[in-house]
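**Q** Please see the structure below; I have some questions.
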Amino acid sequence: MDNYRTRRIISIAVVVIIIGAAIFGLIFVGNLLFFPSGNGTTVSSVSHQSDLLSTSTDRSVLMNVRGPIVADENFHSYQIKISPNARNLTIYNGYLNAVASTESLGNNIPAYNQFVNALDRASFMNANIFTGSANNTAGVCATGFLYTFSILKADKNIKQLWTTSCSTPRGSFGGKLNATMNLFTVQIPDSQNKTSGIWQ
C-alpha cells in the first residue's frame, strides 16, 4: 500500500514537472517569436551608471539628433556634447557631416555633476537589450528623427543608446526622452531655437 502511494506521488510529481517545463518552453518560444531581441525587458546597467556619473575630466555625454532621410543637400543633424569643462553644440549639413555652425562654452565639475545626476534621474541608463541587426540604426525612422545618446571616455564611445520619433522601431534607449533631450538643450542657451530651424 505504501509502495503504491509512493509510486503515485512520484508519478504525479513527474507529470507536474513535465507540464511546468512545457509551459516554460512555450513561454520562452513565444517571447522569441513575438518579442525578438531588442524588445525585451528594460534594464539598467550599474557599471555604466557609474560611467555616467563620473566627473573625471576625460568623460563626456553626447546627444545626436538626425533628421529625416532626404537628399544630401537637405539632410541635417546636430549634436550637443557636455563634459566637465566644456559644452558644445554643432550643427551639420549633409551625410558627410559638414559643419554648418558650432558653439563652444565653458563648464565646471559641479555643473557637470548636477547635469549627469539629472540624466540618471531621468532613467538615462535604462536600456532595452538590443543585439546584432536589431541595434543597427542605418535607415531607421526615415521620415522622422533618430536620437542617439552616448557616454564617452577620452572621446571613445563606451555606451550608446538610441530611439526614434517613429512608432517602430523605438530603439534601445529606455529612459524619458523628452526630459533627457530638455536636459541637453538647456545646457546651451537658446539651442532650441538654433536647432529647430534647421529642418524648416
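None of the figures in this text is laboratory data; all of them are computed from the coordinates on show. From a predicted model like this one, the values you see are computed outputs, not experimental measurements. Using ideal geometry, Cβ is built from the backbone for each residue, glycine included, and neighbour counts are taken over all protein chains shown.
**Q** Give the relative contact order (percent, whole number) for the stretch 43-150; include only Cα pairs under 8 Å separated by 6+ residues.
**A** Averaging sequence separation for qualifying contacts and normalising by length gives 33 percent for the stretch 43-150.
**Q** For the pair Asn108 and Asn136, what calculated FRET efficiency results from E = 1/(1 + (r/R0)^6), where r is the Cβ-Cβ distance and R0 = 30 Å, to the nearest 0.05?
**A** E(calc), rounded to 0.05, equals 0.20.
**Q** Could you pull out every one of the lysines with an alpha carbon less than 20 Å from that of Lys176, ignoring same-chain neighbours closer than 8 positions?
**A** Straight-distance partners of Lys176: Lys81, Lys159.
**Q** For the stretch 43-199, what is the largest minus smallest coordinate of the Cα atoms on each principal axis, given in angstrom and ordered from greatest to least?
**A** Rounded to whole Å, the extents work out to 42, 35, 25 Å.
**Q** Based on the mean of other Cβ atoms within 10 Å per residue, sort peptides 183-194, 100-111 so the most packed one is first.
**A** 183-194, 100-111
**Q** Follow-up. Taking the Cβ of Gly144 as the centre, find all other residues whose Cβ is under 13 Å away and add up their charges (Lys, Arg: +1; Asp, Glu: -1).
**A** The answer is +2.
**Q** When the chain is fully extended, how far beyond the present Cα-Cα distance does Asn85 get from Asn157, taking 0.36 nm per residue of separation?
**A** Difference between extended and current length: 24.1 nm.
**Q** About the Cα centre of the stretch 105-187, what is the dipole size in debye to 20, counting +1 per Lys and Arg Cβ and -1 per Asp and Glu Cβ, all else neutral?
**A** So the dipole magnitude of the stretch 105-187 works out to roughly 100 debye.
**Q** Further question: Given charges of +1 on the Cβ of Lys and Arg and -1 on the Cβ of Asp and Glu, with all other atoms neutral, how large is the dipole of the stretch 43-199 about its Cα centre, in debye to the nearest 20?
**A** In debye, rounded to 20, the stretch 43-199 gives about 300.
**Q** Which aspartates and glutamates, if any, have their Cα less than 18 Å from the Cα of Lys194, not counting same-chain residues under 8 positions apart?
**A** By straight Cα distance, Lys194 reaches Glu103.
**Q** For the residue pair Asp58 and Ala118, what label-to-label distance in nm results when each label sits 7 Å from Cα along the Cα-to-beta-carbon direction?
**A** Distance between the two pseudo-spin positions: 2.8 nm.
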